[in-house]
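Comments concern the structure below.
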Amino acid sequence: MSLYQGPSFQLVDTITSEELDRQGGFQPRQRPLLVKGAVKKWPAWDKWSFDKLADLKRKDGSEVVTSFQNGLVEQGVTKEPLHLPVAPYLRELAEAAKKARENPNEDVGLCPGKVWKQLKPGERFHLNWDHLKSFTPNKVYLAQWDILSEFPEMKKDFDITGVWPGWRWTWEYVFMGPSNTVTGVHYDFPNNWFCQVAGVKEFLLFPPENNPHMCKSLKYDWGATLSDINISKLDEQPVEREAFAKANGLYARVEPGDALFVPKETWHSVVALEPSISLAVFGLTIPEILIGGGQSEFKSLLHKLHLYRWGNCTCHRMAAAPAKKAA
């Protein structure tokens, strides 16, 4: 058992979908909010499964092929993505999800289920970082799949305006992968509704007041700011792990049917406990487009011109660090 406690956490603010409706719906806020059962009202709850999505075909009848994330991209060396057919991958996930349902295990996780159930709102607690030592994260992950651009009719399966009223420019990415996938520590410049259709994910969230402890990275990612903290390799990062331990975080266990509001500039990392299907919906109001969107596009242009962090980014393969010569 590791002696490293790391940051302290509290449970994220949580409300049921029904109670949110009784309160008049979602109101703008700067802290994360977990809405239990929000996705269960949407067509996606019945229509999206690994098996059904594996049956998707393009208009010409051909199989769907897309890019898969090859390892963790937020921290460390970015590897070339893998271009693979989707159906075989999803059918493997369907079988793994079936086994997970048949053999539930409440002893695993950064905050195991049997521990999480005993926690009270406002109670401070620490996570079990040894959980991450038991697996190799993100071997192959279908992350940020722009499925709704390829199959726009599927947008009707998510009634995001039901929890996020008002006009905004939105874009959506789907994440599908096995248990033990990890999304590295980062924050996004837009607000985000993270909608869980299948599987369970643990969210670690750190509001902006934790900035001094989050080890901001120089690695470039469009729309996001990354951290040098790799939660899967804290034992190898003495400087980062010491800073990280000073943070005060929020913990959310996002179960099937839940939706989590992640405010802009909130640091977060995600660990999958089961094979999962998730949809991240990012949104910008007109003022946010003019301010934050303009800055991001300007940096993107400079990056494409090789004038801003070229070769140190998530969108192009990074060279590995040179090997040290023997003494």
* Go through (1) touching a strand residue (DSSP E or B) at 6+ places or on another chain (Cβ under 9 Å); (2) within 19 Å of residue 268 (Cα to Cα) one by one and return the number of the condition residue 243 breaks. => (1)
* Structure fact -> Those strands (runs of 3 or more DSSP E) completely within region 216-263 that have 2 or more residues that are among the hydroxyl-bearing types (Ser, Thr, Tyr) and in contact (Cβ under 8 Å) with a residue 12 or more places away in the chain are 216-221, 224-227
* Asked: Do you know which of the residues in region 129-174 that are touching a helix residue (DSSP H, G or I) at 6+ places or on another chain (Cβ under 9 Å) and part of a loop (DSSP other than H, G, I, E, B) is surrounded by the fewest Cβ atoms within 10 Å (Cβ to Cβ)?
  -> 167
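Is it the case, given these coordinates, that residue 26 is assigned to a loop (DSSP other than H, G, I, E, B), in contact (Cβ under 8 Å) with a residue 24 or more places away in the chain, of a type in the set (A, V, I, L, M, F, W, C) and within 20 Å of residue 279 (Cβ to Cβ)?
Answer is yes for this residue.
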* Scan region 81-111 for residues that are in a loop (DSSP other than H, G, I, E, B) and under 20 Å from the mean Cα position of the chain (by Cα) and jot them down. => 81, 108, 109, 110, 111
* To do: Identify all residues within region 235-249 that are hydrophobic (A, V, I, L, M, F, W, C) and crowded, with 20+ Cβ neighbours inside 10 Å; write none if there are none.
  => 244, 247
* Asked: Counting only residues that are modelled with pLDDT of 80 or more and among the β-branched types (Val, Ile, Thr), which one in region 275-327 is surrounded by the fewest Cβ atoms within 10 Å (Cβ to Cβ)?
  -> 286
* Within region 144-164, is there a residue that is under 13 Å from the mean Cα position of the chain (by Cα), more than 27 Å from residue 214 (Cβ to Cβ) and of a type outside the set (Asp, Glu)? -> yes
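From the set of residues in region 57-78 that are in a loop (DSSP other than H, G, I, E, B) and surrounded by fewer than 15 Cβ atoms within 10 Å (Cβ to Cβ), which is modelled with the lowest pLDDT?
77
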* Structure fact -> Of 261, 244, the only residue that is within 16 Å of the chain's Cα centre (by Cα), over 28 Å from residue 310 (Cβ atoms) and of a type outside the set (Gly, Ala, Ser) is 261
* Structure fact -> For region 190-221, the count of residues that are at pLDDT below 95, charged (D, E, K, R) and more than 17 Å from the chain's Cα centre (by Cα) equals 1
* Asked: Take the residues of region 218-234 that are of a type in the set (Gly, Ala, Ser) and surrounded by 20 or more Cβ atoms within 10 Å (Cβ to Cβ): which is nearest to residue 198 (Cα to Cα)?
  -> 232
* When region 1-23 is examined, which residues are found to be within 19 Å of the chain's Cα centre (by Cα) and either free of Cβ contacts under 8 Å to residues at least 24 places away in the same chain or within 14 Å of residue 261 (Cβ to Cβ) (or both)? -> 12, 13, 14
* **Residue check for residue 119: surrounded by 15 or more Cβ atoms within 10 Å (Cβ to Cβ) and at pLDDT below 95** => no
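The values are calculated or read from the model by the stated rules, or taken from the named source; none is laboratory data. For clarity, every value in this text was computed on a predicted model and none was experimentally measured. Note: ideal-geometry Cβ built from the backbone for every residue, glycine included; neighbour counts use all protein chains shown.
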